[in-house]
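Accompanying notes for the structure given below.
Values quoted throughout were computed directly from the atomic coordinates according to the rules given, and no laboratory measurement underlies them. Please read all numbers here as calculations on a predicted model, not as lab measurements. Here the Cβ is made from the backbone with ideal geometry for all residues, glycine too, and neighbour counts use every protein chain on show.
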Amino acid sequence: MCDMRNEQLKPTLGTWQLWGIAVGLVISGEYFGWSYGWGTAGTLGFLVTTVLVAVMYTCFIFSFTELTTAIPNAGGPFAYSLRAFGTYGGMLAGLATLIEFVFAPPAIAMAIGAYLNVQFPTLDPRIAAIGAYVIFMSLNIVGVAIAATFELIVTLLAVIELLVFMGVVAPGFSVARFA
């Protein structure tokens, strides 16, 4: 087993870039995943679910933050599981992370393609997905700081859009229609 006690990582991203990545991930869930839950659960049911998920996510964030400061290693879940559970635990966590990293980007690209197809019906969603994949892959190849800065800009635009949306719909809000 390797000795990870003396490893150090070179800080590449700043606080705002990390904030942009984290908030961008949550907002993208709203755009691409959460919309399907509103119709099924209703507003109140979805609020209960959101609160439960927020509590679990907060616990996850604190746990993961503690692990990243205690075991500074670019291996992420692999490194933490290797240290806690040995070779097989590390291998299992590394394999699960690999599967996530292999399948998540194409799924996200397909979601972007489908979203763009709704806005531009003549645009083939597969072509848009390939284009999105190439653009984001190129940004990451150029450098993680460039990719994170791009993510920060997109996240700030999304936050502004959500604030404008809330301002537009707020006058029509009624507690009677909430449930």
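In sequence order, region 170-175 has phi-based couplings of 4, x, x, 6, 9, 4 Hz under the Karplus curve 6.51 cos²θ - 1.76 cosθ + 1.60, θ = phi - 60°, and Gly or Pro positions carry x.
Taking R0 as 45 Å, what FRET efficiency do you get between Tyr36 and Thr87 from their Cβ-Cβ distance, rounded to the nearest 0.05? The computed FRET efficiency comes out at 0.70. Annotation for Val142 and Met56: the two label points, set 7 Å from Cα along the Cα-Cβ direction, are 3.7 nm apart.
Of the listed values (i) 8.8; (ii) 13.2; (iii) 16.0, grab the one calculated as mean projected area of the Cα convex hull in nm² from the structure here. Here mean projected area of the Cα convex hull in nm² agrees with entry (ii). Residues Phe78, Phe165, ranked from the fewest to the most other C-beta atoms within 10 Å, line up as Phe165, Phe78. Here region 20-179 is assigned +1 on the Cβ of each Lys and Arg and -1 on the Cβ of each Asp and Glu. Its dipole about the Cα centre then comes out at about 140 debye. Note on Phe165 and Thr15: their simple-model spin labels are 2.8 nm apart, each label 7 Å out from Cα toward Cβ. Seen against the Cα atoms of the chain and their longest principal axis, helix 77-119 is set at about 30 degrees.
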